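Structure, as C-alpha cells:
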Amino acid sequence: MNAPIIDPLQGDFPEVIEEFLQHGNMKCIAFNRRGTLLAAGCANGSCVIWDFETRGVAKELRDKACVAPITSVCWSKYGHYLLASATDKSLTLWNVMNGEKITHITLQQTTLHARLHPGSCTPSLCLACPLSSAPILVDLNNGSSTVLPVSVTDNTNGNAVSHPRNKFSDGSLPFTPTAATFDKHGDLIYLGNSKGEILIVDSNNIRVNALIPIPGGSVVKDIVFSRNGQYLLTNSNDRVIRVYENLLPTKGAAKELEIMSDTNDKFPRIEKLKEVGTKCLRLSREFQDAVTKIQWKAPCFSGDGEWVIGASASKGEHKLYIWDRAGHLVKILEGPKEALIDLAWHPLRPLVVSVSVAGLVYIWAKDYTENWSAFAPDFKELEENEEYVEREDEFDLMPESEKVKELVINQDEEVDILTVEKDSAFSDSDASQEELCFLPAVPLPDVPEQQDKCLGSSLKLGDSNHTGSLFSVEAAQNGQAILPASSPFEVVGNSTPEEAVGTAGLKRKRKPSAKGMELQAEKGRKPQTKNKASGKLSKPKSRSGDGIDTNGSVLEDDVTDEYL
C-alpha cells in the first residue's frame, strides 16, 4: 500500500483493447524485428502474416502435408525466413517473400518452443524445447540434432547429457519441459531446468560454463531476454517472475565466460560454476501477486526493456499485469472472458498483442481519450475569470512557443531516398537495407466472391424497374419473403442470413391502402388481359393478375392510374 503512485500519463504502456484480428483459429504470435509484420500460427497448420500497419493479411503460409496446430513461430534476424513448430513433431522453415517451404524436419518429440539463431542472417541453426526431453540444437541444413545438458554434477565435465528419449532427467524425478533461449548474439544459451537452476551453455562446444541457482529451487517454465540483452526474465513454478541483470558484455560474452571458467580451479565443479555464475547474472527484482498467488503465463519485456508484463494463467481470465523495472505494479488490464495462451509486446511502440483460447488476437493500445482531460484547464474556473483569453496553441501537445524554429530548406538540393539512417533502437541497423519490413497485402479468399455476388445483385436490381423483379419471382417460387430495404440483415420466413443480404436492396411490400381495399371488391369486373394489351410484363406467380398477393390483400404499388 505504501508503493508510490505511478502517473499514467508518464507511462508508455497499453491500457485498452484497440481492435482484434481474426483469421482462423490462431494459437501463437511473434513480431518481426521492426514490428511491421506479425506472424500467427493457426490450429490448421498454417501461418498467417499480418501487415501490422494496415491490419491486413499480407501472406498465408500453408503446407498441405501439415495440418497439426502450430505451437510457436519465430522470425529470422532480417525477417526473410519464418520458423514454425507443430504438434506433429515437425519444424518447418519458410521463405516469407515467395511463400516457399525451405526445410521440413521431424523430431522425436513435440516442440513447445523453437528459436532461430539470432546472429545468423541465413538461418541454419535453431534451438528447440521439446515436450518431454532436454532442449536440442537442430541443424536445419542436414537435420542433425545435439542434446543440451540439463544438469551438472561434480563427476561430469559439463558435457554429459541425458538421452533425449529418457523420461527422467536425474534418474529419480520425472522430466519436465525445460525452458531455453539464446542471448542477443547467439553465442550463449541460457537454460532453466527442473531443479531451479539457470545453466549458461556455450553454443559452439555445448559446454556448461556457469550455473545460477534460483531462490526456492522451483521449476523454470519461461526464460526470456530483453531486446537489448541487458536483462533476463524467468518464470518459475513458485508463482514468481524474477528479473536478472546481465553482467556479461553483449559482444564477446562467450570468450569472456570461458576465460572466467578456466581460471578458477580451486573448487569442485559445481562450486566453481556457481562462483562464475555470480559474475554473469545478478538478481534485480521479483514480481508476484501476494494476494491471489496466481500462476503467470507468457511473461516478457517491453520493447525498450522498461516494463515487464505477465498474463494470468487462470482459466477464463484474460488479465494482464504490467510492472515497471523498479518493481511497482502500474496497470492491470482485463480483457474478455477467454483464457490467454500467448503474448507479445511491440518492439518499438506501447502496444501489446495477446491471443485468446478462442483463436482471436487482441491489440492493446494506450487510451489517449481518457488522458486528454488532464491537459485541458478547468472550464468552470475559466468561465468565472472574465479576463481569461484563450491562446491559439493552448490545447496543443507542444505549443508554438516551445517548437523549434523552422529550418531553412534548400529546395534545389537533391533528396537522398536510398540511404537508410541508423536507428538508435537497433544496434546493427546499418545492415537494415537487407531487411524485409513490408509485404503486399492480399485480400482474403472469400472476399472476392462476396464482392462479385453483391456487385451482380446490384446490377440486376438496377436493370429492373418493376416491383416483381427476377429476385422477387425467384423468392416467391421458393416460398421466401422479400426483406425490407431498411433492415438488410433481418431474416424473414425461411430465408438464411446469406439470402437476406443478397435481397436487401429490393423494394419492401407496402400495406394495402384504402383505395386498394375498394378496388379489391371490383376485382371481378376488371379483365386480366389488360396488362397484355398494354404491353406490360405479367405479374409474378405469387400474385394474382390484379395486383393481389397470395394473402388476398392489394398492394399499393400495383395501383395504376386507370383505377384512380
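The values are calculated or read from the model by the stated rules, or taken from the named source; none is laboratory data. Everything numeric in this text was worked out from a predicted model, so none of it was measured. Note: ideal-geometry Cβ built from the backbone for every residue, glycine included; neighbour counts use all protein chains shown. Side chains included, ligands, DNA and RNA excluded: accessible areas come from the protein's heavy atoms. Shrake-Rupley method; radii C 1.70, N 1.55, O 1.52, S 1.80 Å.
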Item checked: Förster radius 30 Å - calculated FRET efficiency between D289 and V357 (Cβ-Cβ, nearest 0.05) -> 0.90
Notebook entry, point to check: With each pseudo-label sitting 7 Å past Cα toward Cβ, what's the E53-F267 distance in nm, one decimal?
Noted result: 5.2 nm
Next item on the list: Filter the cross-link list K64/K89; K77/K272; K195/K272; K89/K293; K27/K64; K59/K297 down to pairs whose alpha-carbon distance in this structure exceeds 25 Å.
Entry: K77/K272; K89/K293; K59/K297
Notebook entry, point to check: Between K274 and D63, what is the spin-label point distance in nm, taking each point 7 Å from the Cα along the Cα→C-beta axis?
Noted result: 4.4 nm
Next item on the list: Please give, to one decimal in nm, the separation of the simple spin-label points placed at I417 and T122, each 7 Å out from Cα toward the Cβ.
Entry: 3.2 nm
Notebook entry, point to check: Where Lys and Arg each count +1 and Asp and Glu each count -1, what net charge lies around L248 among other residues with Cβ under 14 Å from its Cβ?
Noted result: -1
Notebook entry, point to check: Per residue, how many Å² of accessible area does the stretch 1-135 show with a 1.4 Å probe?
Noted result: 41 Å²
Check: Rounded to the nearest 0.05, what FRET efficiency is calculated for K251 and T146 with R0 set to 25 Å and r the Cβ-Cβ distance?
Finding: 0.55
Item checked: Distant-in-sequence amide H partners of I102 (H built 1.01 Å from N, under 5 Å) -> L93, W94, N95
Check: Hey, quick one: spin label on L329, modelled 7 Å out along Cα-Cβ, who in the stretch 280-295 has an amide N within reach, i.e. under 11 Å?
Finding: 288-294
Item checked: trypsin sites (Lys or Arg not before Pro) within the stretch 43-122, DSSP loop, no more than 13 other Cβ atoms inside 10 Å -> K64
Notebook entry, point to check: Gain in length, I102 to K337, computed as 0.36 nm per residue apart minus the alpha-carbon separation, to one decimal in nm?
Noted result: 80.7 nm
Item checked: Sequence of D139, D412, D51 from largest to smallest accessible area, 1.4 Å probe -> D412, D139, D51
Margin query: Counting only protein heavy atoms and a 1.4 Å probe, tell me what percentage of the stretch 222-346's accessible area is made up of carbon and sulfur.
Written below: 46 percent
